[in-house]
Structures are given as C-alpha cells and as structure tokens.
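None of the figures in this text is laboratory data; all of them are computed from the coordinates on show. What you are looking at is a predicted structure, and each value in this text was computed from that prediction instead of being measured. Every residue, glycine among them, receives a Cβ derived from its backbone with ideal geometry; neighbour counts consider all protein chains shown.
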Amino acid sequence: MKPQLAPARWYRIIPIVFVTYSLAYLDRANFGFAVAGGMADDLNITKGTSSLLGSLFFLGYFFFQIPGAQYAAHKSAKKLIFISLISWGALATATGMVSNVPLLIAIRFMLGVVESAVMPAMLILLSQWFTKKERSRANTFLILGNPVTVLWMSVVSGYLIESMGWRWMFIIQGLPGIIWAFVWWKMIDERPAEANWLTEQEKEDVEEELRKEQLGIKPVKNYAEAFRSPTVILLCLQYLLWSVGVYGFVMWLPSIIKAAPNMDIVTTGWLSAVPYVLAIAGMLAASYFSDKTLNRKIFIWPFLLAAAVAFLGAYWLGNSNFWASFVLLIIAGGALYAPYGPFFAVLTEILPKNVAGGAIGAINSLGALGSFVGSYLVGYLNGSTGGFEASYILMAVALLLATLLIIVVVKAPEKPVVEEVVA
C-alpha cells in the first residue's frame, strides 16, 4: 500500500486556512442580523437603502478579484491574505462606529475590495499544496469556514445584539481578524519547498506529484485567450447564477425568519443556524465521494437542482405554513453549499496553471456580481412586495439555469480502458 503523501500538510495548512476564511466570512454574513436587530431603525435606513448596503460588499468584491488572483498566482498569496486580514478586521470593527449612511456605504464597499482576492488566493495556495485526488476535500475544508461561521455567528449575533446592541456585535466580531493576521504570517508557507516542517523527501514528493498533473494540460498563450475560452465564459455565468441563490439566501434568511409571528432576535439566530448544519454535512459528504470517484459533475448539479426545487416549494406554500417553509429553506441552504468543494476542484483541474489564477479570479468575480444581484434583488423584492414569494422564484430560476450549465460544461471522467492480455 502506497504511504500517504506528506500527511503533515493536513494538520498544518488546513486548520489555518479554515480559521482565516471563517473570519473573512463574518462581516459579509452578520450584516443581515444587524439590519434585523435595530441597525435600520437607528440609522434611518430605508428598505431600498438596506438592500443596497447588503449588496455593496459584493460590488467591491467584483471589481478587484482578477488583479488579486494574478498577484496571488505570480507573487504571494500569503502576503496578500495577511494584508487583507488586517484591513477587513479594521473595516469590520469600524462598521460598529458609523453614525450615518454615506459612511456605512463607503465601508461596505471597501470591505468587498479588501476581501476580493481572498477566495482565489486561498484556492491557488491550496492548489500548490494538495494534489488532484485531495483537492476537493482541501477546498471543502476551506469553504466549510462559510457555513460553520454562519452557524455559530447566527446564534452569537442574536445574543450580542440582544445584550449589547448591533454596534458591539460588529466591533467584537471584527477585532479577531487583526490578531489572526500575525498567526497566519507565522504559520503559513507559500509552497512545500519552503516548509521546514516537511522532510526533504516529502517536499520533493509533493512537488513532483503537482508537476505531473500539469503535463496533460496544454498551456494557453495569455489571459486574453483563457478568458475567450467557452469553458471559462460558461463557468463564469454558472457561478454568477449560483451566487444569486446563495447570497439571496444568506443575506436575507434572518429577515425571512424574523418576519414570522412572535419571533424575537435570539430565536431568529438559533433558527438561522439550522440550515448550515445540513450544509456542513453535505459539503463533507460531497467532497469525500467526489475525491473517491473523481466524478465532480455528479456531486454538483443534483444539489443545485434540489435547492431550486426547495425554493419553488417555499413559493408554493407562501405564508400559509411557516414551519413547512422553514424545512424547505433548511434543505435549500444545505444543497446550496454542498457542491462547493467539487466545483472548485474542477477549476484547478481543467485550467492551465499559467492562467489558472486569472481565470479563477474571473469566475469568482462573476460570482461576486451574482452575489450583488442576488442580495440586492432579494432585499428589494422583499421590501417592495411585502412578502418573500417573488424572491423564492428569483432564486429558483437562477439555480435551475446554473444546474443546466454545469451539466453542459463539466465532463464526466473517462472510464479507464482495460487492455486484454493475450497469453
């Protein structure tokens, strides 16, 4: 039996990456709780402005993805994430000190800017540490920071707002990012060759395995050629549509729950956490079997289809039965997150290494644009219609289209050819 390739990578790299992305995710998810917990009243934020504020983060996120991804791929993902950690921690803390809407608008936009390169930089970093057969699980442990954060943040934010107010919630949840930046700098190495906690043989084995993976992928001349590729274009569109569903759900779930009869902010926090329990289980299962089979496709599109059907069911139920609708929202939340590991593993497997950073940045950038559209339109539709049915239809349609694009773009792995041995 072949020994596991440098097992220390999993204990050293993955926990640090997980915590880092968890901290980054805090300030994009806790805004929905602040709005539901009194921020809108204190700052006289209208429903239309609230939708804009919720989505502005993703506008800043959209514009600076590609430059950040290129820097991470060709210079240093470690340095980029260190600077981002300090910047977003400071801006998140400052959110708790704002006294007017224009300043809040500027902070929300800048938060998106400083976080924009984190996701592609993390994916590039992991692709320099983990092989094709490991990558879905490695990516999943990164992206698990997303639902795990929303799970505990939903509960903690409810209590913080209840006991200390929304301002202290932002301050308390922003400071750890600044402190953690120095842990990140000390603990993370850019590549295996730089890690003094691996043996020379382990360094050589990992680097050799990663070199072999790129042998079958033909490099392209430049980024312009990569961005004209039908595969990259369709993946950009697919991720945009998927993100409409994800962030329409994440940003406004607390408001959907809070609108139920006799619902307080603490109970809203507990109930908002439930979908992310299913999301964590789904992500772990999908990534495990995706790496076992290397059939990424079958662990992406069925989940997106299930989320679309769940939103259609919630639309059909309307306001007639909150608890039945809530069960469907739990299913939708779990299904939205489950395919992330296989999806991002696909990207690093089908894109040439010389343009992977920019291409992933482009795909993630369009995802950010989808997040902006989803969070804005869902908030706008909720406010203008006085209900959530129109939002459910929007998210369901977007996810159905995302499902179709995955089926078209991502190919199933070829079956190995078994040669007959003639005696």
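On the first, second and third principal axes, largest extent first, how far apart are the outermost C-alpha atoms of the chain in Å?
Here the Cα extents, ordered largest to smallest, are 77, 46, 41 Å.
Quick check on the exposure proxy: order Lys79, Lys297, Lys212 from fewest to most C-beta atoms within 10 angstrom.
Lowest to highest Cβ neighbour count: Lys212, Lys79, Lys297.
Apply 1/(1 + (r/R0)^6) to the Cβ-Cβ distance of Thr131 and Met97, taking R0 = 35 Å, and write down the FRET efficiency to the nearest 0.05.
0.15
Give me the Kirkwood hydrodynamic radius of region 1-131 in Å, from all C-alpha pairs, to one decimal place?
Averaging 1/r across every pair of different Cα atoms and inverting gives 16.2 Å.
Give me Glu207, Glu194 sorted ascending by neighbouring Cβ count inside 10 Å, so fewest comes first.
Ascending number of Cβ neighbours within 10 Å: Glu194, Glu207.
For the chain, what does the helix formula give at 222 nm: sum of -39500 (n - 2.57) over DSSP H segments with n ≥ 4, over the residue count, nearest 500 deg cm²/dmol?
After summing the helix terms and dividing by residue count, I get -25500 deg cm²/dmol.
Starting at the first residue of region 150-159, write each ³J(HN,Hα) from the Karplus equation 6.51 cos²θ - 1.76 cosθ + 1.60 with θ = phi - 60°, in whole Hz, x for Gly and Pro.
Karplus-based 3J(HN,Hα) across region 150-159 equals 5, 4, 6, 5, 4, 6, 5, 5, x, 5 Hz.
What are the ³J(HN,Hα) couplings of region 283-292, residue after residue, when phi is run through the Karplus curve with 6.51, -1.76, 1.60 and θ = phi - 60°? Round to Hz, x for glycine and proline.
Per residue, the Karplus-derived 3J(HN,Hα) values read 5, 5, 5, 5, 5, 4, 6, 5, 6, 5 Hz.
With a 10 Å radius around each residue's Cβ, average the other Cβ atoms per peptide and rank 63-70, 6-13, 135-142, highest first.
135-142, 63-70, 6-13
Of the listed peptides 170-182, 331-343, 371-383, what is their order by residue-averaged count of other C-beta atoms within 10 Å, with the highest listed first?
331-343, 371-383, 170-182
Which of Thr267, Ala307, Ser243 sits farthest toward the positive end of the charge dipole of the chain, with +1 on the Cβ of Lys and Arg and -1 on the Cβ of Asp and Glu?
Ser243
With axes computed from alpha carbons, what is the tilt in degrees of helix 389-409 against the longest principal axis of the chain, rounded to the nearest 10 within 0 to 90?
Once rounded, one gets 10 degrees.
So what is Rg over Rh here for region 26-101, counting just Cα atoms and using Kirkwood for Rh?
That ratio is 1.06, to two decimals.
In nm, to one decimal, how far is the modelled label at Asp42 from the one at Ser76, with both set 7 Å along Cα→Cβ?
It works out to 3.8 nm between the two label points.
For the chain, what does the relative contact order come out to in percent, with C-alpha contacts under 8 Å and a separation of six or more?
Relative contact order here is 27 percent.
Taking neighbour counts of Cβ atoms within 10 Å as a proxy for exposure, in what order, fewest first, do Asp291, Asp41 appear?
Going from sparsest to densest Cβ surroundings: Asp41, Asp291.
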